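The values are calculated or read from the model by the stated rules, or taken from the named source; none is laboratory data. Fair warning: this is a prediction, and the values are worked out from it, not measured in the lab. Quick reminder, even Gly has a Cβ in these numbers, built from the backbone with ideal geometry, and neighbours come from all protein chains shown. Side chains are part of the model used for accessible areas, which takes the heavy atoms of the whole protein and leaves out ligands, DNA and RNA. Shrake-Rupley method; radii C 1.70, N 1.55, O 1.52, S 1.80 Å.
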Amino acid sequence: MTAMHAAGATGTAADVAGSWVEHLRAGGTTPWRSWRESHPAGPAPVPPVVPGAQQLELLRRCNLAGPVPAPLATRVLEASAPGRGRPDLQLEGAAERLAFGPPPVDPADLPDDELIRVAAGLLAEDVVADGLPDPHHVPGARWFRTRYRVTGDPLLAAAARRDLTRRGRPPGGRGAVVLVLGADLGQLLADVWTDRCLADGAPAWSDWVDRLARRGPLPPRADLAHTAASWAARVGRDRVHVVLDPAAAPRLVGVRRALATPTPLSADATELSRRVGQVLGLLAVPPARADLLEHTLRPRLAAVGGAPLTLPARHQRWARLRAVRVQKALLRAGYPVHGDPDRLLPVLRDGVEQPDDAGVLQLAMRLLLEKRSE
Amino acid sequence: MSKRVLLHVGTPKTGTSYLQDVLFRNKRVLTSAGILYPADRFDAHFLAALDLMRLPWGGLEAEAVGAWDRLAEQVRRHDGTAIISHEILATASRAQAGRALASLGHGDGTEVHLVVSARDLVRQIPAEWQENVKHRAGLSFRAFLDQIRDPERSTRIATWFWGVQELPDILNRWGHELPPEQIHVVTVPPAGGPQQLLWKRFSIAFGLDGLDLDLQAERANPSLGVPETALVRRINRAANHDLGPSDYRPLVRELLAHQTLSRRTRSPRLALPPDLHPWVAEVTGSWTAEIEQRGYDVVGDLADLAGAPPVAASMADYADPDAPDETEVAAAGVDAIKALLLEGARLRHSEERLRQELHDAQMALERAYLRPTYRWREKTYRRLTSSRAGRGLLKVYRRVRGRSSRTA
């Protein structure tokens with residue numbers, strides 16, 4: 001991208017910036033401020049053409065996290081932060097302060113969010129380059145099988161659908177029973193948000209739940225009464241089953257073994273998938289984007305682990321009121337309910353109330369460095 | 001391989017829609033002169049710009065995947081001059097600009113010329129706020145001004161504003177690899193000047209002089225007055241939570257802002273507060289000094305960037321969009337309600353017509369069902385589907401018939 005000044009004998013500020021870039025390329029981890037202090041500038045600074053402060057700080061952090069191979073270092077330095085946000089910033093003290101342009105910064109002062117922007121762009125490129133894994137062998141559909149459909153909690157439903165399809169029992173067919181899989185409302189909301197992050201994109205978790213709580217009603221996908229009613233209108237009420245006890249599901253779909261559950265994602269991993277998904281929207285068409293997130297990125301994120309997302313305590317009261325309303329609507333409508341209806345009520349779970357930018361950045365760097373060894 | 005590429009990267013609100021419309025409508029004339037404007041619609045390069053800058057845009061980015069590479073390939077394949085134009089390219093980073101230039105053949109024999117059109121900040125600042133309001137923003141003009149004046153520029157509004165308006169920085173990012181004689185700064189003349197002067201300048205910059213082009217404007221980005229903008233801002237604040245982007249675009253931006261409120265031309269126009277003119281003069285002065293020093297080709301006059309002095313002598317006379325004349329806002333509101341009523345009536349009539357068509361179709365279907373042969377076939381089908389043997393027979397029948405009319 002840019003011509004960089006190598007460290008030279010003149011000792012100008014530009015040269016100091018250039019020598020810092022070379023230091024980072026060689027795996028150095030010294031912060032810019034310390035580097036500047038130990039490499040004093042000359043009296044006549046000239047504007048150097050060096051990578052943005054965001055890219056340089058990301059490379060420094062990656063160096064701290066582990067050895068960074070030269071190709072990855074080059075990619076980091078040549079990357080542009082995608083989407084809206086601050087432009088590539090100059091290093092404070094490395095260039096003459098012009099009367100225009102964004103103010104130069106000390107990279108150490110940059111918020112993690114700015115570094116995540118750059119890292120998410122690189123990860124999105126990696127995901128596209130990796131492509132989709134080879135498809136699993138899917139056996140032919142069994143002739144004698146219980147016809148079913150699963151809906152409700154999008155993550156539970158997708159996992160059950162995939163599992164049953166692999167057992168030769170794809171969903172659909174005449175006279176299918178409809179299983180509305182439910183969870184406590186806090187979990188259900190987190191699952192709906194996670195599903196959106198992995199599909200067509202979502203706003204930040206806090207923005208999303210705050211807006212929901214402010215507006216009152218649940219979104220249709222988190223409203224099991226709405227889901228059940230819309231299916232009842234299509235197939236009749238007697239064929240709609242609300243499943244709150246996972247142990248009840250196998251019998252309803254005619255299998256013995258328990259249905260697979262989704263691999264959990266941590267709050268930070270889900271947030272990272274959201275950020276990568278934003279960039280993937282410009283690298284892959286929507287169906288391919290969703291497949292890449294689900295089948296290429298998600299397994300890598302799931303392997304890392306971490307604290308799951310929980311509903312913020314400030315919204316527990318609102319969620320409880322909404323859950324009680326859903327519970328009453330389901331019972332009033334007379335659907336067969338498998339499991340204790342109180343399982344719909346939000347419960348306090350272990351986890352974090354929102355993703356943490358520092359954690360998201362660590363995770364992003366870990367995935368970038370993992371890529372190197374493959 | 002193109003011999004020459006003219007790359008117009010903005011800035012917004014400088015007659016870019018008009019330019020792109022003229023180029024698009026005169027594609028044939030341009031082609032006969034050896035000039036390629038590779039577009040299937042007037043703003044076709046918008047998607048390419050989104051792709052180049054990896055910029056999400058309310059879901060439109062899904063249509064942009066690979067658009068820049070396709071555009072660049074068309075340009076490279078053309079043997080002659082090619083023109084690319086979109087104003088949001090102004091915000092591209094240095095790396096993105098470098099990638100764009102390389103993809104167009106810069107450094108590989110193609111002569112790339114950068115064209116940047118610029119208008120004075122006295123008009124650009126209110127215009128940018130108005131664009132924000134027409135894109136759902138609810139922030140006041142004063143809040144907007146405070147954000148863009150903050151030296152940190154850390155907010156989204158400030159980042160975008162300076163990204164697309166700060167002329168020397170745009171020229172730095174886009175032009176650092178090009179010689180100054182290949183960088184053309186087109187200034188927008190002051191308001192009230194000759195009507196075709198801006199086109200004349202574009203024509204010189206793009207080398208279109210002498211071509212017989214149809215200059216009739218079909219596209220424009222109409223502006224709103226003070227009470228109208230205040231009204232749209234209030235609508236945003238009241239309806240944003242309930243009105244999705246796909247409904248906002250046709251109802252608020254198109255129907256209300258562009259088709260209705262922009263026709264109210266007697267209301268006071270949006271303007272920069274008089275107390276900010278000295279600050280703008282200082283900023284603009286530093287820009288023009290920098291541009292003069294760099295030796296770019298200026299088409300027009302850099303003095304145009306100074307802008308007009310304030311219309312209102314003091315803040316007391318200034319038409320403040322944050323404290324508009326409520327009578328004028330109410331009048332604009334009545335016009336808006338009328339437009340929405342007419343649209344509501346049109347949709348009601350449309351719904352009524354569709355309902356009638358649906359009813360007619362259902363009646364026709366029912367008449368078909370009442371035929372004895374249909375009743376007989378239906379009875380047979382029901383009987384067959386009630387037994388396994390019957391279902392097997394149906395399957396054989398469908399296979400023999402050779403059609404895939406399987407039961408859903």
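Go through (1) surrounded by 16 or more Cβ atoms within 10 Å (Cβ to Cβ); (2) more than 29 Å from the chain's Cα centre (by Cα); (3) more than 21 Å from B:Leu231 (Cβ to Cβ) one by one and return the number of the condition B:Tyr318 breaks.
So B:Tyr318 meets the others, but not (3).
Within region A:256-291, how many residues turn out to be among the acidic types (Asp, Glu) and within 18 Å of A:Pro203 (Cβ to Cβ)?
Of the residues in region A:256-291, 2 are among the acidic types (Asp, Glu) and within 18 Å of A:Pro203 (Cβ to Cβ).
Just the residues that are outside any helix (DSSP H, G or I) and under 19 Å from B:Leu261 (Cβ atoms), please, taken from region B:312-341.
Of everything in region B:312-341, those that are outside any helix (DSSP H, G or I) and under 19 Å from B:Leu261 (Cβ atoms) turn out to be B:Ala319, B:Asp320, B:Pro321, B:Asp322, B:Ala323, B:Pro324, B:Asp325.
Among the residues of region B:108-118 satisfying the criterion of being of a type outside the set (Asp, Glu) and assigned to a strand (DSSP E or B), which is surrounded by the fewest Cβ atoms within 10 Å (Cβ to Cβ)?
B:Thr110
Among the numbered conditions (1) buried (at least 17 other Cβ atoms within 10 Å of the Cβ); (2) out of contact with any strand residue (DSSP E or B) (no Cβ under 7 Å at 6 or more places or on another chain), tell me where B:Gly244 comes up short.
Here B:Gly244 clears every test but (1).
Restricting to region B:95-130, name every residue that is under 21 Å from B:Arg4 (Cα atoms) and of a type in the set (Lys, Arg).
The one that is under 21 Å from B:Arg4 (Cα atoms) and of a type in the set (Lys, Arg): B:Arg99.
Output the residue which, of all residues in region A:93-108 that are charged (D, E, K, R) and in contact with a helix residue (DSSP H, G or I) (Cβ under 9 Å, 6 or more places away or on another chain), is most open to solvent (accessible area, probe 1.4 Å).
A:Glu96
From the list B:Gly66, B:Gly80, exactly one residue is more than 13 Å from chain A (Cβ to nearest Cβ), over 16 Å from the mean Cα position of the chain (by Cα) and at pLDDT below 95. Which is it?
Only one candidate passes the filter, namely B:Gly80.
Check B:Ala230 against each of (1) closer than 21 Å to B:Ala49 by Cβ; (2) assigned to a helix (DSSP H, G or I) and name the one condition it does not meet.
Looking at each condition in turn, B:Ala230 falls short on (1).
Can you pull out the residues in region A:276-288 that are in a helix (DSSP H, G or I) and either within 10 Å of A:Ala199 (Cα to Cα) or open to solvent by 20 Å² or more (accessible area, probe 1.4 Å) (or both)?
Answer for region A:276-288, where residues must be in a helix (DSSP H, G or I) and either within 10 Å of A:Ala199 (Cα to Cα) or open to solvent by 20 Å² or more (accessible area, probe 1.4 Å) (or both): A:Gly277, A:Gln278, A:Pro286, A:Pro287, A:Ala288.
Checking the structure you have, find out if any residue of region B:291-304 is of a type outside the set (Asp, Glu), more than 30 Å from B:Pro179 (Cα to Cα) and part of a loop (DSSP other than H, G, I, E, B).
Looking for residues that are of a type outside the set (Asp, Glu), more than 30 Å from B:Pro179 (Cα to Cα) and part of a loop (DSSP other than H, G, I, E, B), one finds none in region B:291-304, hence no.
Residue by residue, here is whether (1) touching a Phe, Trp or Tyr at 6+ places or on another chain (Cβ under 7 Å); (2) modelled with pLDDT under 95 holds:
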| position | (1), (2) |
| --- | --- |
| A:Arg167 | no, yes |
| A:Arg174 | no, yes |
| A:Gly186 | no, no |
| A:Thr194 | no, no |
| A:Ala202 | yes, yes |
| A:Val209 | no, no |
| A:Leu212 | no, yes |
| A:Thr227 | no, no |
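Cβ-Cβ under 9 Å, sequence separation 6+ or interchain: first residue in region B:5-30 and on the phi > 0 side of the Ramachandran plot and modelled with pLDDT under 95, partner assigned to a loop (DSSP other than H, G, I, E, B) and of a type in the set (S, T, N, Q). Which pairs?
Close Cβ pairs (under 9 Å, with a partner that is assigned to a loop (DSSP other than H, G, I, E, B) and of a type in the set (S, T, N, Q)) amount to B:Lys13/B:Asn221; B:Lys13/B:Ser223.
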